[in-house]
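Accompanying notes for the structure given below.
Rule-based calculations on the coordinates, nothing more; no lab input. The shown structure was predicted, so the numbers you read here are calculated from the model rather than taken from an experiment. Because the Cβ atoms are built from the backbone with ideal geometry, glycine has one as well, and the counts that use them run over all protein chains shown.
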Amino acid sequence: LESSACPESAPAEPPVVAGPIGADLANVGLVHGANLVDVDALPKGDSAWGVRQLVGNVWEWTATTFYPWPGYAMDYPYREQSAPWFGTSKVARGGCFATPELLLRLRGGEYRSFYDPAERHELAVGFRTCALP
C-alpha cells in the first residue's frame, strides 16, 4: 500500500512508459473481454519483484488519500471530475479489465483513480492480499 499522500510521493516528472500493454501482459482494454483472468495468468506481466497483475483485472485500493498531483490546475470542463473528492476518497491504482491501456500509460504509468470506501458501487475495485513464504 502507498504510505503517503500523493503530492509528497508522486514524481514531479514521471518517466515515459514506452510501448503498449499487450494482452500477454495485463487484462486491460477488454482484450480478454469483460472478464477477470486467473491470478496465475499472464506471467509475462510480472513486476521486477515477481508480483503478478499489478496492472489490470481490477483497480487496487491503496491506503493513500486522494489529493491532486503537484501543479494540478482545475480547468473547464473537468473541474468537477475529481476536485470535489480531494481529501475524502482513497487512491486506486492499476486499472481494471475495461481501462484502456493508453490511459494507464499516462503520467509515465502513474495514472490512478479514486473511490470513496463507503460507496461500493464500483465493481471493478479490489485489494491485494499477500503472505510470506
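Key figures
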{"item": "Amide H contacts of THR64 (H built 1.01 Å from N, under 5 Å, at least 5 apart or other chain)", "result": "GLU2, VAL91"}
{"item": "Highest to lowest packing among 45-58, 87-100, scored as the average C-beta count within 10 Å", "result": "87-100, 45-58"}
{"item": "Taking segment 48-92 and dividing mean pair separation by its residue count, relative contact order in percent (alpha carbons under 8 Å, at least six apart)", "result": "54 percent"}
{"item": "Rounded to whole Hz, the Karplus (6.51, -1.76, 1.60) HN-Hα couplings of segment 81-93, x for glycine and proline", "result": "6, 10, 3, x, 9, 4, x, 10, 10, 10, 6, 10, 10"}
